[in-house]
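Some notes on the structure that comes next.
The values are calculated or read from the model by the stated rules, or taken from the named source; none is laboratory data. Computed from a predicted structure; not experimentally measured. Cβ atoms come from the backbone with ideal geometry, glycine included; neighbour counts cover every protein chain shown. For accessibility, only protein heavy atoms count, side chains too; no ligands or nucleic acids. Shrake-Rupley method; radii C 1.70, N 1.55, O 1.52, S 1.80 Å.
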Amino acid sequence: MILYDFACAGGHTFESWFASSAACDRMIEKQAVLCPVCGSGQVKKALSVPKIAKKRDGCGVGDERDTPPVSARDTSSDATPGGVPSLRSEHDVRLREAIGMVRRVIEEKCDYVGQGFAEEARKIHYGEVEPRPVYGEASPQECDSLREEGIEFASLPWLVENA
């Protein structure tokens with residue numbers, strides 16, 4: 001995976017992960033990389049500062065951020081009755097807001113294809129239908145199958161509104 005910084009035609013900056021540099025370039029060419037602020041597909045790679053891991057005192061390898069990634073946080077005291085971590089810290093609230101913004105842009109700019117996502121992604125990939133941004137649901141097996149066929153897609157967290 002590789003992280004790139006972007007700037008859209010509206011001057012907004014953001015970052016996104018890609019499987020490879022070539023995958024990023026193809027998605028930019030298809031205008032499938034959308035600005036999470038305005039939804040513009042006219043984006044360019046921006047200058048990026050390399051993120052180099054460094055050893056923390058007694059903690060192994062990590063990055064230089066003050067807040068550890070959510071997966072590394074001890075969420076035992078933040079768990080809801082179902083055992084799912086709640087998002088309470090300032091960092092997590094900002095993360096939830098950003099995910100919500102991405103969701104709104106996707107819902108605005110993409111066609112919802114529901115459970116037929118894998119089938120529609122194949123049709124687009126193989127040129128059977130006009131290319132367009134779509135979103136929907138796919139099982140883990142369908143996702144594996146799409147990856148094996150070389151069909152590019154992204155799995156995103158989809159938080160319930162007002163949760």
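When the residues of the range 113-146 are filtered to those that are open to solvent by 60 Å² or more (accessible area, probe 1.4 Å) and either of a type in the set (S, T, N, Q) or assigned by the TED database to the domain that holds residue 30 (or both), the one that is farthest from residue 18 (Cα to Cα) is 115. Per this entry, residue 152 is counted among residues that are within 24 Å of residue 99 (Cα to Cα), in contact (Cβ under 8 Å) with a residue 60 or more places away in the chain and either surrounded by 12 or more Cβ atoms within 10 Å (Cβ to Cβ) or not acidic (Asp, Glu) (or both). Only residues that are under 20 Å from residue 145 (Cα atoms) and under 18 Å from the mean Cα position of the chain (by Cα) were counted in the range 88-131, giving 3. Among the residues of the range 71-83, are any of a type in the set (S, T, N, Q) and at pLDDT 90 or above? No, the range 71-83 contains no residue that is of a type in the set (S, T, N, Q) and at pLDDT 90 or above.
Test residue 32 against the stated conditions and say whether it is outside any loop (DSSP other than H, G, I, E, B) and either free of Cβ contacts under 8 Å to residues at least 12 places away in the same chain or small (Gly, Ala, Ser) (or both). Spell out the reasoning first.
Values: outside any loop (DSSP other than H, G, I, E, B): no; either free of Cβ contacts under 8 Å to residues at least 12 places away in the same chain or small (Gly, Ala, Ser) (or both): yes.
No, not satisfied.
A single member of 51, 55, 30, 44 is at pLDDT 85 or above, open to solvent by 70 Å² or more (accessible area, probe 1.4 Å) and more than 20 Å from residue 135 (Cα to Cα), and it is 44.
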